Amino acid sequence: MSSLRLIINSSLSRKIQFPSPTTCTQIFLRLRQKSTSTTSTNTASFSQSHTSENITVWNVYGPPFINCFLIGSITYISLHVFWYKLAFIELREEMENKVNELESKIDSLKKKMI
């Protein structure tokens, strides 16, 4: 049983190789240098990094939420107005049918009276 564990552990240790912390730090520093090398002076890079640190959750997620809310509100209101117009047309047809029915009853009663 222990030999099986040794084989599994040795095969896993060969498959999963994590980079050393110094390698990760070097990669991060290279990426950081590339991103700040686009600016011409140190003050510009400082102001750029300073503004990127001031990014809040609202700045990142606010505009998409506002867009979603506005699109949802416009869709809801337009569908509600459309439904209201359809309901009004249906109500008008029902009332016209009722008026026609009552008029026919009035005409039939007038004929009986005469």
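Observations, loosely collected:
- Taking Met113, Met95 and counting other C-beta atoms within 10 Å, the order from fewest to most: Met113, Met95
- Percent of alpha-carbon pairs separated by more than 12 Å within the range 54-104: 74 percent
Every read-out reported here was derived from the displayed coordinates using simple, explicitly stated rules and does not represent laboratory data. Keep in mind the model is a prediction, meaning the values are calculated, not measured. As a convention, Cβ positions derive from the backbone with ideal geometry for all residues, glycine included, and neighbour counts pool all protein chains shown.
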